[in-house]
Amino acid sequence: MYATELACIGCGRHYRLEALYNCPECGNILDVAYDYPRLKGDYEAGRISAGDFGPFLPLDEQAGVSVAPPPTPLIRAGRLAARLGVKKLLFKCEFLNPTGSFKDRPIAVAVAKAKEFGLGRVIIASSGNAAAAAAAYAGRGGLTGLVLVPEATPPEKIRQTAFYGATVVKVRGPYSNCFSLAKQAATELDYFNLTTTFINPYTVEGDKIIAHEIVRQAGEAPAQVFVPVGAGPLLVGLHKGFKECELLGMAAAVPQMVGVQATGCKPIAQAFSDGMTTVKAVKNPATIAGGICDGLYGYSQDGDYTLATIRRSDGYALAVADEDINEAMRLIAREEGLFVEPSGAVALAGLIQSLKNGQIAPDATSVVMLTGHGLKDMAAISQREVPVIDDDMEQLKRVMM
Ligand SMILES: [Zn+2]
C-alpha cells in the first residue's frame with residue numbers, strides 16, 4: 001500500500017490510517033497522504049501498470065476487500081458540441097454506475113475500509129444517491145446499514161435504498177439536520193460514518209479514481225472539468241486524481257476545475273464571486289437539484305476547502321438557475337439520448353453559462369460530469385399527456401396530427 005497516513009489540511013498534524021473523521025486536534029479535514037516518490041519510482045520501473053488504480057487507493061490489498069465499481073464510459077457529445085459551438089465536449093457517464101450515481105466511487109472505498117477496520121455497522125447522511133450506494137455496498141460487504149435522508153428526498157431514491165436492505169429513516173428539515181444526527185449517532189451508537197462530505201477521509205479517494213479514468217480514456221487531461229458541487233468532495237477528489245496523473249507524467253497539466261452550484265444553494269459560488277476565502281453557510285437552501293442542495297450549515301469549512309481547490313486549479317465557481325438546469329436535462333436527453341436527474345445536468349448548465357460568459361477557449365476540450373440517473377427523480381420532469389387508442393389505424397392517424 002502506498003497510502004501512508006492521514007494529514008490534517010488545517011494544522012498539518014499526521015495520524016495513522018484509522019477510523020478517524022475530522023482532526024482530533026483542530027477539527028479540520030483529514031486527507032489521505034501517499035508515498036508519492038515510491039509510487040512514481042515503481043510506476044516508472046513498470047511495477048505498476050497503466051490502468052491499475054489500486055496503488056492510488058488507501059486499501060490494504062492483503063485484506064482482499066474489493067468492491068470497486070467498474071469504469072464508466074467517457075463519451076463524445078458530438079451533436080451537443082456542434083449545437084453549442086464547442087470543439088470537443090466529453091461526458092463522463094457516472095450515472096451509469098451500478099446504483100445509478102457517482103456515489104458508488106466514494107462508498108466502495110469507505111465500505112472496504114470499514115471491513116478492514118473490522119467494523120460491522122455503517123451509517124450515512126445523504127440526499128439520496130450516497131444513501132442508495134451505501135445500502136448497496138454495505139449489503140455486498142455483509143455490513144449493517146443505517147441511512148438518514150432529508151424528508152424531501154425523492155421516493156425513487158428512498159425505495160431503492162430500502163430495497164438493498166438498509167434501514168432508512170427520514171429526518172425533517174434540510175440535509176444539514178441529517179448530517180449532524182449521523183455524526184452524533186456514529187459516536188454514540190458505534191457506527192462507521194460513510195457520509196460523503198469530507199467527514200470520512202477515505203471517501204474522496206474513490207472520487208479521485210474518476211480522474212485517472214478520464215486521463216486514461218481521453219489519452220490526456222482536458223482543459224476544463226465541469227462538476228456539480230454541494231460540499232465538493234467530487235471536485236476535490238477529481239483535482240487530487242489529476243494532480244497524481246501529472247506527477248506520474250500521465251497528463252501534461254491539471255485541468256481548470258469548474259464548480260457549478262444552483263442559484264438557490266450557492267455558498268461556494270457566492271464566496272468565489274465575492275473574492276472571499278471562507279464560505280458562508282445557507283440555512284434553508286432550495287433547488288430542484290437535490291443532490292447538491294447542501295447549505296453546509298454547521299460545516300462550512302468543507303466549502304472553504306472546495307473553494308481553495310478551485311482557485312488552486314485556476315478554475316472558477318458559478319451558479320445556474322433551476323430553469324437552466326431543466327433545459328440542460330432536456331438537451332442531454334434529446335441531443336445525446338442520455339437521461340440524467342437535475343443534479344446530473346447541473347454541470348452542463350454551467351458549461352452553457354460559461355460559453356455565454358466567454359470563459360471557454362474555442363479549441364479547448366471540456367469534460368462534463370453527468371452524476372446521477374434520471375430515473376432517480378421522476379417528479380423533476382414534467383409529465384406530458386400521452387394518448388390512449390384502440391388497435392385502429394384511423395385513431396392512430398388522428399392522434400398523430
Ligand atoms: Zn488539525
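The values are calculated or read from the model by the stated rules, or taken from the named source; none is laboratory data. Owing to the predicted nature of the structure, the values given are computational and were not obtained by experimental measurement. Methodologically, a virtual Cβ is constructed for each residue, glycine included, from the backbone with ideal geometry; neighbour enumeration extends over all protein chains shown.
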Report task. Could you check Val122 against (1) crowded, with 21+ Cβ neighbours inside 10 Å; (2) under 28 Å from Ile332 (Cβ atoms) and say which number it fails? Result -> (2)
Query raised in the report: So, in segment 36-49, of the ones that are surrounded by fewer than 12 Cβ atoms within 10 Å (Cβ to Cβ) and among the small types (Gly, Ala, Ser), which residue ends up nearest to the chain's Cα centre (by Cα)?
Result: Ser49
Query raised in the report: Being in contact with a strand residue (DSSP E or B) (Cβ under 6 Å, 6 or more places away or on another chain) and surrounded by fewer than 24 Cβ atoms within 10 Å (Cβ to Cβ), is that true of even one residue in segment 368-375?
Result: yes
Report summary line: Subset of segment 27-42, residues over 20 Å from Leu238 (Cα atoms) and either away from the ligand (no atom under 12 Å from the Cβ) or in the same structural domain as Glu116 (by TED's automatic domain parsing) (or both), comes to Pro37, Arg38, Gly41, Asp42
Query raised in the report: When you scan segment 286-308, how many residues do you find that are of a type outside the set (A, V, I, L, M), outside any helix (DSSP H, G or I) and out of contact with any Cys (no Cβ under 9 Å at 6 or more places or on another chain)?
Result: 4
Requested in this report: Spot the failing condition for Val109; the list is (1) surrounded by 15 or more Cβ atoms within 10 Å (Cβ to Cβ); (2) within 16 Å of the ligand (Cβ to nearest atom), and only one is missed.
Outcome: (2)
Report task. Scan segment 13-26 for residues that are near the ligand (Cβ under 7 Å from one of its atoms) and of a type outside the set (D, E, K, R) and jot them down. Result -> Cys23, Cys26
Report task. For residues that are farther than 17 Å from Ala349 by Cα and aliphatic (A, V, I, L, M), scanning just segment 70-99, find the one that is surrounded by the fewest Cβ atoms within 10 Å (Cβ to Cβ). Result -> Ile75
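Given the residues Tyr43, Tyr34, which is the only one that is of a type outside the set (Gly, Ala, Ser) and touching a Leu at 6+ places or on another chain (Cβ under 6 Å)?
Result of the check over Tyr43, Tyr34: Tyr43.
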Query - Scan of segment 17-47 for residues that are part of a strand (DSSP E or B) and in contact with a helix residue (DSSP H, G or I) (Cβ under 8 Å, 6 or more places away or on another chain), ordered by number - result: Asp31, Val32, Tyr34
Report task. Scan (1) touching a Lys or Arg at 6+ places or on another chain (Cβ under 7 Å); (2) buried (at least 21 other Cβ atoms within 10 Å of the Cβ); (3) not polar (S, T, N, Q) for the single condition Cys178 breaks and write down its number. Result -> (1)
Query raised in the report: With respect to Ala50, is the statement that it is more than 16 Å from the ligand (Cβ to nearest atom), part of a loop (DSSP other than H, G, I, E, B) and out of contact with any Cys (no Cβ under 9 Å at 6 or more places or on another chain) true?
Result: yes
Query raised in the report: Residues in segment 129-144: is at least one touching a strand residue (DSSP E or B) at 6+ places or on another chain (Cβ under 6 Å) and surrounded by fewer than 23 Cβ atoms within 10 Å (Cβ to Cβ)?
Result: yes
